[in-house]
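Here the structure comes first, spelled out in structure tokens, and everything after it is commentary.
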Amino acid sequence: MKRIAVLVSGGGTNLQALIDAIKNNYITEGYIEIVFSNKKDAYGLERAIKSGIKTMFLDPKEFKSREEYDEYLSGKMNSFNIDLICLAGYMRILTEKFLDKFKGKIMNIHPALLPSFGGPGMYGLNVHKAVIESGVKITGCTVHFVNKGVDTGPIIIQKCVAVDDNDTPETLQKKILEYEHKAYPEAVKLFTENRLKIVDKRVRII
């Protein structure tokens with residue numbers, strides 16, 4: 001059984017999708033060991049508590065630097081023998097040292113079809129606003145492994161969503177969330193079943 005840690009900063013709807021996928025036996029080879037947050041009032045922590053999952057709030061103000069914060073977080077990951085780290089609306093950029101330690105073991109979900117509409121500043125409604133302004137007809141979501149770039153890691157799964165003429169950033173966000181809640185559990189399921197293999201910049205499903 002793979003041990004999963006989820007990092008959240010906000011509402012945690014993708015965390016909830018993972019919790020539900022495990023409860024419904026869609027994911028059978030892994031479970032969420034602990035949920036971490038850098039925000040004390042993150043609702044994702046409440047979601048975890050309601051499901052009987054351990055939680056931990058790590059206050060950035062108590063650490064001198066991002067490196068010190070991530071070093072402590074890394075130690076916690078090791079103490080819980082974490083196999084997979086899932087970012088679910090986690091609003092901190094992970095340090096290179098942390099990324100090196102857990103290479104190939106960190107996933108993120110992005111609300112667009114990477115490599116389009118990714119990178120610094122591309123989060124939340126900013127993404128959907130940029131999508132609408134660009135005039136593209138198709139958008140979606142991407143689950144990818146995290147590397148040292150921003151939204152540049154190997155892509156695991158993508159789901160497509162049509163951009164309608166009357167869509168707003170808010171309506172598009174709502175539509176895409178439904179697909180995020182399918183894509184993330186699917187990617188985690190594949191990981192826990194040892195069915196993902198990174199070859200160069202591609203992820204093969206085996």
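Values in this text are rule-based calculations from the coordinates and carry no lab data. Note that the structure is predicted; figures quoted are calculated from it, not measured. Counting neighbours? That spans all protein chains shown, and the Cβs are built from the backbone with ideal geometry, glycine included.
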Is it the case that some residue within the stretch 108-120 is over 22 Å from residue 10 (Cα atoms), surrounded by fewer than 17 Cβ atoms within 10 Å (Cβ to Cβ) and in contact (Cβ under 8 Å) with a residue 24 or more places away in the chain? yes
Does residue 126 meet the test of being surrounded by 13 or more Cβ atoms within 10 Å (Cβ to Cβ) and touching a residue at least 24 places away in the same chain (Cβ under 8 Å)? no
Given the options 129, 159, 174, name the one that is in a strand (DSSP E or B) and over 24 Å from residue 69 (Cα atoms). 159
If we ask which residues in the stretch 35-52 are surrounded by fewer than 21 Cβ atoms within 10 Å (Cβ to Cβ), part of a helix (DSSP H, G or I) and in contact with a Ser or Thr (Cβ under 7 Å, 6 or more places away or on another chain), their number turns out to be 1
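I need the full set of residues from the stretch 137-162 which are of a type in the set (Gly, Ala, Ser) and surrounded by fewer than 20 Cβ atoms within 10 Å (Cβ to Cβ), in order please. Talk me through it step by step, then tell me what you get.
Filtering the stretch 137-162 for residues of a type in the set (Gly, Ala, Ser) gives 140, 149, 153, 162.
Correct list: 149, 162.
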Hits in the stretch 53-69 (condition: more than 15 Å from residue 91 (Cα to Cα) and part of a loop (DSSP other than H, G, I, E, B)): 53, 63, 64, 65
